[in-house]
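A.B. asks: Here it is, the structure in full.
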Amino acid sequence: MTQIQEMTLDEIRHLVSENAIQGETVVLNMGPQHPSTHGVLRLIVELDGEVIVNVIPDIGFLHTGVEKNMEAKTYQKAEVMTDRLDYLNTMGNNLAYVMAIEKLIDLDVPPRAQAIRVILTELQRIASHLVWIGTSALDLAAMSVFLYAFREREMILDIFEMCSGQRMMTTYFRPGGLWRDVPVEFEDAVRNFVRIFPRRVDEYEALLTKNPLFLDRTVGIGKLTREQALQYGVTGPTLRASGVAWDLRKVSPYMGYEQYDFNIPTHTAGDVYARYLVRVQEMRESLKIVQQALAKLPYGPVRSNNRKYVPPPRSEIGVSMEALIHHFKLWTEGFTPPKGAVYSAVESPRGELGVYLESDGSPKPYRVHWRTPSFDNLQVLPILAKGHLIADLVAIIGSIDIVLGDIDR
Amino acid sequence: MDYALLIEWTLKSLILLLVLLGGFAYLTLYERKALARIQVRIGPNRAGPWGILQPVADGIKLIFKEEFTPASADKLLFFLAPLITVVPALVIAAVVPWGPPVEIFGRRVTLQVADLNVGVLYVMAIASISVYGIVLAGWASNNKYAMLGGMRSSAQMISYELALGLAFVTAILLADSMQLSEIVAAQRNVWFVVLQPVGAAIFLIATLAEVNRAPFDMPEAEQELTAGYHTEYSGMKFALFFMAEYDKMIVVSALAASLFFGGYWGPGVERFPWLGPVYMAIKVIILLFGMIWVRATLPRIRYDRLMSLGWKVLFPLALAVAFITALGILLEQLWLVPLLSLLAAFLTSLLVTRAIWRKVYA
């Protein structure tokens, strides 16, 4: 018979209170294979009955070494790794990364590419929030919402597949523009989604927003005050639900977000319900942006003309010697940006997603660091969960909307 | 000794047992299909036409799975717990009348295994036993999640038995009998759900808690306690817990039908008594659909709120409703009963809604 290796209390002695050592409270290991820790998060929960005394998040079960791996690849090839960080926000990750490169080498992006980037990242935000509304309703055992939300997410993923050939790992935005222009069906598909989606959000809201059982499970649970949120560097909907109207799309607009008319939903309660309301309203706001961007989608090229950094169109390669040389150089050696370091950030569905990129003048980045919102937001989990019941813990984890790929990069 | 009577009992028990076991298997399929339809899915459709062989496939899979017993579990209790849970679920069904008495080979046969004169008390007593199985399963597994599930189950039981008992009382008062066949017979002209709608509603809510169904599925809340009390169970032992839950669903639906929805009565039963079981089956299927629908729609209520709902809302309301029923019967003014009960229920729901909204706007 194989020996069972039990975790001794000594190994976690520094993490739990004196009561647990004496056997007054129970130390419960939740995850990494627990059904509602949203991936492979492990929580060491100290329980007094069912009341939570303390929660210690234990991360690292999904560590993929993305940051380090990116240093071993050329700038273009490193981009595919960004998809794997926050797998619910692939377009947003691509956007943050290409924006950093564009900032580093001062590359201009044509307006059509900018508008398409906005449409796709906003659709991605909706898709991410759909996964969130589905899974966090499922955590409260409202199981049908999950499948309704995934039905609409499928429509968005179909649009992504139409553009990039991939449902999730898109790598569609490239330094200086897009991989290629969107197909002709794109506009109709997006328009169809914009037409259908508001009714579907009403459907989710009908099941949740005023449901007494849902209110009972979410109102007043996991309160995060404005001060605590700011102290811990919480961003995104979690911060806005605590009463801070901070959204990078408004605060420091990028990709022409300043031309679109949209609101930043905020709430002051800071509880699970407020975070729910903020995200649901954000879906409607994102839809407004998509609608506006689609209405004034300009025509023109989708890639910068700077051939030192952006590959030439396929049609030129057969007829132009320079184009062939550029293409060959770009895909074998890669481009060499000037020395320097940049930080660029976008508003991901979870908060501020930033990339710090350091270049030593070689075709490979010297250092890539990701400032990921889930990592910072997870820090407040012990504050939110203390004193609540174990049933609330799953509601709280759902409400801060973490993605483990985003935490362990 | 009347041997024919012995044979009659044996046959009736056997048939009932087979119906319950088959019903359990197909209830799982029914639930999965109904849930799938509600959730814009298709549901099982691979095993046989419309997936009708799915329960068979599930059964075969569970039989051949390894029966795993944790090294540090209490072996005896771990083995006994599923039995303690499943046997009461099957035994309760004995007192449910499935149809009016019929003539078979010149014998007058009641479509009921045992027509106890305290049938309702019997149901209450037996139904409470199965919670021991759940608590013992949680305890014997030596697993923290299972333990929490077991403890929740006992707390839930205490909170709901009283409201359930008082809901029974309203039906007993209206029928003037504790014998289930009499209670059904008394509903020949008017169903008790008409006379006592609130009692029926309390009964349905409390039975959801009794059989651990959503939104009261605390003991196995999979999102919180992985699988609750049966976390460590596998193979047929797990299947027994599953069977207990689904058989109890069938039985409490049959009980609800008998107590409040006119049992086997329906148009034409007097002339063709064999229509009785058909009407009963239809009523049970409709009530089961209600349970499945609730599961698909509602979030789970929190464990402490469940207790306050049981003690602070359902219990006083059930008490008031039982009092109103008794008052109506005493004054011989039966029309007062539904009127006053609905008023009481309305006031209660108003208070509950106000409490929740006060919390929202706090």
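The values are calculated or read from the model by the stated rules, or taken from the named source; none is laboratory data. Worth saying up front: this structure is predicted, and the values here are computed from it rather than measured. As a convention, Cβ positions derive from the backbone with ideal geometry for all residues, glycine included, and neighbour counts pool all protein chains shown.
A.B. asks: Inside region B:199-306, counting only helices (runs of 4 or more DSSP H) that do not spill past its ends, which hold 1 or more residues that are hydroxyl-bearing (S, T, Y)?
C.D. replies: Working: elements: B:222-225, B:235-260, B:275-297.
It comes to B:235-260, B:275-297.
A.B. asks: So, in region A:208-237, exactly how many residues are more than 22 Å from A:D261 (Cα to Cα) and either more than 10 Å from every other protein chain (Cβ to nearest Cβ) or of a type in the set (G, A, S) (or both)?
C.D. replies: Of region A:208-237, the ones more than 22 Å from A:D261 (Cα to Cα) are A:208-234.
Filter again for either more than 10 Å from every other protein chain (Cβ to nearest Cβ) or of a type in the set (G, A, S) (or both), leaving A:209, A:220, A:222-234.
Total meeting the criteria: 15.
A.B. asks: Tell me yes or no: at least one residue of region A:44-52 is out of contact with any Asp or Glu (no Cβ under 8 Å at 6 or more places or on another chain), away from chain B (no Cβ under 14 Å), at pLDDT 85 or above and surrounded by 17 or more Cβ atoms within 10 Å (Cβ to Cβ).
C.D. replies: Looking through region A:44-52, none of the residues is out of contact with any Asp or Glu (no Cβ under 8 Å at 6 or more places or on another chain), away from chain B (no Cβ under 14 Å), at pLDDT 85 or above and surrounded by 17 or more Cβ atoms within 10 Å (Cβ to Cβ).
A.B. asks: Just the residues that are surrounded by fewer than 17 Cβ atoms within 10 Å (Cβ to Cβ) and outside any loop (DSSP other than H, G, I, E, B), please, taken from region A:294-308.
C.D. replies: Correct list: A:A295 only.
A.B. asks: Would you mind finding the one in B:A257, B:A239, B:A244 that is without any contact (Cβ under 8 Å) to a residue 60 or more places away in the chain and touching a helix residue (DSSP H, G or I) at 6+ places or on another chain (Cβ under 6 Å)?
C.D. replies: On the way: B:A239 fails: without any contact (Cβ under 8 Å) to a residue 60 or more places away in the chain; B:A244 fails: without any contact (Cβ under 8 Å) to a residue 60 or more places away in the chain.
Exactly one of B:A257, B:A239, B:A244 is without any contact (Cβ under 8 Å) to a residue 60 or more places away in the chain and touching a helix residue (DSSP H, G or I) at 6+ places or on another chain (Cβ under 6 Å), namely B:A257.
A.B. asks: Let me ask something else. Quickly run through region B:144-162 and pick out the residues that are surrounded by fewer than 23 Cβ atoms within 10 Å (Cβ to Cβ) and closer than 26 Å to B:F68 by Cβ. Don't jump to the end; show me each part of the working.
C.D. replies: Step one: filter region B:144-162 for residues surrounded by fewer than 23 Cβ atoms within 10 Å (Cβ to Cβ), giving B:144, B:147, B:151, B:154-155, B:157-159, B:161-162.
Within region B:144-162, B:K144, B:M147, B:M151, B:S154 meet the criteria.
A.B. asks: Now for a separate question. Going by the conditions given, is A:I397 surrounded by fewer than 24 Cβ atoms within 10 Å (Cβ to Cβ) and over 13 Å from the mean Cα position of the chain (by Cα)? Give the steps one after another, and end with the answer.
C.D. replies: Values: surrounded by fewer than 24 Cβ atoms within 10 Å (Cβ to Cβ): no; over 13 Å from the mean Cα position of the chain (by Cα): yes.
Criteria not met by A:I397.
A.B. asks: Under 8 Å between Cβ atoms, which residue pairs at least 6 apart in sequence (or on different chains) link something in region A:293-320 that is at positive phi with a partner that is outside any loop (DSSP other than H, G, I, E, B)?
C.D. replies: Between residues of region A:293-320 that are at positive phi and residues that are outside any loop (DSSP other than H, G, I, E, B), the close pairs are A:G300/A:P111; A:G300/A:R112.
A.B. asks: Also, quick follow-up: Please indicate, with yes or no, whether at least one residue in region B:67-81 is surrounded by fewer than 16 Cβ atoms within 10 Å (Cβ to Cβ), over 30 Å from B:L121 (Cα atoms), within 14 Å of another protein chain (Cβ to nearest Cβ) and touching a residue at least 40 places away in the same chain (Cβ under 8 Å).
C.D. replies: yes
A.B. asks: Looking only at residues that are of a type in the set (A, V, I, L, M, F, W, C) and in contact with an Asp or Glu (Cβ under 9 Å, 6 or more places away or on another chain) in region A:164-188, which one is surrounded by the fewest Cβ atoms within 10 Å (Cβ to Cβ)? Give the derivation first.
C.D. replies: Of region A:164-188, the ones of a type in the set (A, V, I, L, M, F, W, C) are A:168-169, A:173, A:178-179, A:182, A:184, A:186.
From what is left, the residues that are in contact with an Asp or Glu (Cβ under 9 Å, 6 or more places away or on another chain) are A:168-169, A:173.
On the way: A:M168: 15, A:M169: 17, A:F173: 30.
Looking at the filtered set, the residue picked out is A:M168.
A.B. asks: Can you list residue pairs whose Cβ atoms sit under 8 Å apart, with the first residue in region A:15-38 being at the interface with chain B (Cβ under 10 Å from one of its Cβ atoms) and the second being surrounded by 14 or more Cβ atoms within 10 Å (Cβ to Cβ) and aromatic (F, W, Y)? Count only pairs 6 or more apart in sequence or on different chains.
C.D. replies: Sorted first by the residue in region A:15-38, then by its partner, the pairs are A:L28/B:Y145.
A.B. asks: Now a separate question. Among the candidates A:M7, A:M1, single out the residue that is within 12 Å of chain B (Cβ to nearest Cβ), over 26 Å from A:G134 (Cα atoms), assigned to a loop (DSSP other than H, G, I, E, B) and modelled with pLDDT under 85. Quick ask: steps written out before the conclusion?
C.D. replies: Details: A:M7 fails: within 12 Å of chain B (Cβ to nearest Cβ).
Checking each option against the conditions leaves just A:M1.
A.B. asks: Another question about this same structure. I'd like to know if region A:192-207 contains one or more residues that are within 14 Å of chain B (Cβ to nearest Cβ), closer than 19 Å to A:A293 by Cα, touching a helix residue (DSSP H, G or I) at 6+ places or on another chain (Cβ under 8 Å) and touching a residue at least 12 places away in the same chain (Cβ under 8 Å).
C.D. replies: Among the residues of region A:192-207, at least one is within 14 Å of chain B (Cβ to nearest Cβ), closer than 19 Å to A:A293 by Cα, touching a helix residue (DSSP H, G or I) at 6+ places or on another chain (Cβ under 8 Å) and touching a residue at least 12 places away in the same chain (Cβ under 8 Å), which makes the answer yes.
A.B. asks: Just to be sure I understand, how many residues within region B:310-341 are in contact (Cβ under 8 Å) with a residue 40 or more places away in the chain and either part of a loop (DSSP other than H, G, I, E, B) or closer than 30 Å to A:I52 by Cα (or both)?
C.D. replies: Result for region B:310-341: 5.
A.B. asks: A follow-up question, please. Quick one: which residue in B:V123, B:V87, B:V113, B:V118 is within 30 Å of B:F261 (Cα to Cα), under 19 Å from the mean Cα position of the chain (by Cα), loosely packed, with under 15 Cβ neighbours inside 10 Å and more than 14 Å from chain A (Cβ to nearest Cβ)? Break it down into steps so the answer makes sense when it comes.
C.D. replies: On the way: B:V123 fails: loosely packed, with under 15 Cβ neighbours inside 10 Å; B:V87 fails: loosely packed, with under 15 Cβ neighbours inside 10 Å; B:V113 fails: loosely packed, with under 15 Cβ neighbours inside 10 Å.
Matching residue, one of B:V123, B:V87, B:V113, B:V118: B:V118.
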